[in-house]
Amino acid sequence: MEHTDRDYAVTKTDEEWRAQLNPAEYQVLRQAGTERPYVGEYTDTKTEGVYACRACGTELFTSGTKFDSHCGWPSFYSPLAEDRVEYIEDTTMGMKRVEVRCANCGSHLGHVFEGEGYDTPTDQRYCINSISMTLRPKTATGTETTPEARPGTETETA
Ligand SMILES: [Zn+2]
């Protein structure tokens, strides 16, 4: 696959990527490979947290938009933010698909499909390889969200 002219915040030579990633990761992230369905470590993961790019660490997706697509890969209905990913038209399989890449380092993540009828807010399915991401569980950060004020406490005496 040809690379675009785009300049990424993180750019490394092929050699550097090979040193950083294991062969399976390299094949998916840097050669736009696809892991086999139903074998990825995050396919059915329900853990709350953020999914970061395994190549550069940029946070890409959250567990809140992950849904059960039963397609064999982790599926999200939207990215964490639109500027975290980039879209590239992909016609390599003889059909028009939209490839999803990390906007920070250009690594391949998966594809996005839409209009499939999934009961999600966007009707989109970001079909992402587990091996392209690293899950950062919510509790690992140690930063709890501030508790919401409970209505009706203290003043209610009746
Ligand atoms: Zn990245």
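Taking segment 48-77 only, how many residues are assigned to a loop (DSSP other than H, G, I, E, B) and over 22 Å from residue 22 (Cβ atoms)? Talk me through it step by step, then tell me what you get.
Of all residues in segment 48-77, those assigned to a loop (DSSP other than H, G, I, E, B) come to 48, 54-58, 68-74, 77.
Filter again for over 22 Å from residue 22 (Cβ atoms), leaving 48, 68-71, 77.
Of the residues in segment 48-77, 6 are assigned to a loop (DSSP other than H, G, I, E, B) and over 22 Å from residue 22 (Cβ atoms).
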Query raised in the report: Taking segment 81-93 on its own, how many of its residues are farther than 14 Å from residue 124 by Cα and within 16 Å of the ligand (Cβ to nearest atom)?
Result: 6
Requested in this report: Return only the number of the condition from (1) in a loop (DSSP other than H, G, I, E, B); (2) at pLDDT 95 or above that residue 111 does not satisfy.
Outcome: (1)
Report summary line: When residue 75 is run through (1) of a type in the set (Gly, Ala, Ser); (2) more than 15 Å from the ligand (Cβ to nearest atom); (3) within 9 Å of the chain's Cα centre (by Cα); (4) more than 19 Å from residue 114 (Cα to Cα), the failure sits at (4)
**Report entry** Test: residue 100 is of a type outside the set (Ser, Thr, Tyr) and more than 16 Å from the ligand (Cβ to nearest atom)
**Finding:** no
Query - Residue satisfying all of: in segment 107-127; under 28 Å from residue 56 (Cα atoms) and touching a helix residue (DSSP H, G or I) at 6+ places or on another chain (Cβ under 9 Å); nearest to the ligand (Cβ to nearest atom) among these - result: 107
Query raised in the report: When segment 59-70 is examined, which residues are found to be within 12 Å of the ligand (Cβ to nearest atom) and either at pLDDT below 95 or surrounded by fewer than 19 Cβ atoms within 10 Å (Cβ to Cβ) (or both)?
Result: 59
Report task. Test residue 53 against the criterion of being within 16 Å of the ligand (Cβ to nearest atom), surrounded by 16 or more Cβ atoms within 10 Å (Cβ to Cβ), at pLDDT 95 or above and under 13 Å from the mean Cα position of the chain (by Cα), and give yes or no. Result -> yes
Report task. Can you confirm whether segment 24-36 contains a residue that is part of a loop (DSSP other than H, G, I, E, B), away from the ligand (no atom under 16 Å from the Cβ) and open to solvent by 40 Å² or more (accessible area, probe 1.4 Å)? Result -> yes
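I need the full set of residues from segment 119-140 which are in a loop (DSSP other than H, G, I, E, B) and either of a type in the set (Ser, Thr, Tyr) or surrounded by 13 or more Cβ atoms within 10 Å (Cβ to Cβ) (or both), in order please. So that I can check it myself, show each step before the final result.
Residues of segment 119-140 in a loop (DSSP other than H, G, I, E, B): 119-123, 129.
The answer is 120, 122, 123, 129.
The values are calculated or read from the model by the stated rules, or taken from the named source; none is laboratory data. Everything numeric in this text was worked out from a predicted model, so none of it was measured. Here the Cβ is made from the backbone with ideal geometry for all residues, glycine too, and neighbour counts use every protein chain on show. For the accessible areas, the whole protein counts, side chains as well, though only heavy atoms, and no ligand, DNA or RNA atoms are used. Shrake-Rupley method; radii C 1.70, N 1.55, O 1.52, S 1.80 Å.
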